[in-house]
Amino acid sequence: MTKQMLVNYIAEETGLTKADATRALDAMMNGIVEGLKEEGKVALTGFCTFATQKKEARQGRNPRTGEAVTIPARVAVSIKAGAKLKDAVN
């Protein structure tokens, strides 16, 4: 499902206009991003939990040449599905 398809679904389910549904979806996504930046975790109970994980710099290899490369440190985002989501898709 694409973002536009999700906007259409939200508009149909709620009776919002597509513009309002787009703003609502964008606000939700921005809220998740801000929550991850500020607290490192956003829990949508029963649906999923977003969390940040610090990844240290490490040595890797270029698979084509075998040359050693340094992979820089970064912050990764993990998503863990909640019980209601797992039950809904199974």
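Considering each of K18, K80, K37, K55 in turn, give the residue that is at pLDDT 95 or above, touching a helix residue (DSSP H, G or I) at 6+ places or on another chain (Cβ under 7 Å) and charged (D, E, K, R).
Criteria check complete, one pass: K18.
Any idea which of (1) surrounded by 13 or more Cβ atoms within 10 Å (Cβ to Cβ); (2) among the β-branched types (V, I, T); (3) under 24 Å from V89 (Cβ atoms); (4) touching a helix residue (DSSP H, G or I) at 6+ places or on another chain (Cβ under 9 Å) is the one I32 doesn't satisfy?
Of the numbered conditions (1) surrounded by 13 or more Cβ atoms within 10 Å (Cβ to Cβ); (2) among the β-branched types (V, I, T); (3) under 24 Å from V89 (Cβ atoms); (4) touching a helix residue (DSSP H, G or I) at 6+ places or on another chain (Cβ under 9 Å), the odd one out for I32 is (4).
Take residues that are more than 13 Å from the chain's Cα centre (by Cα) and polar (S, T, N, Q) and tell me which of the helices (runs of 4 or more DSSP H) falling wholly in the chain contain 2 or more.
Output list reads 3-14.
Would you mention how many residues in segment 38-78 are in contact with a Leu (Cβ under 6 Å, 6 or more places away or on another chain) and over 16 Å from M28 (Cβ atoms)?
The total comes to 1.
The values are calculated or read from the model by the stated rules, or taken from the named source; none is laboratory data. Everything quoted here is computed from the prediction, not taken from an experiment. Backbone-built Cβ (ideal geometry, glycine too); neighbour counts: all protein chains shown.
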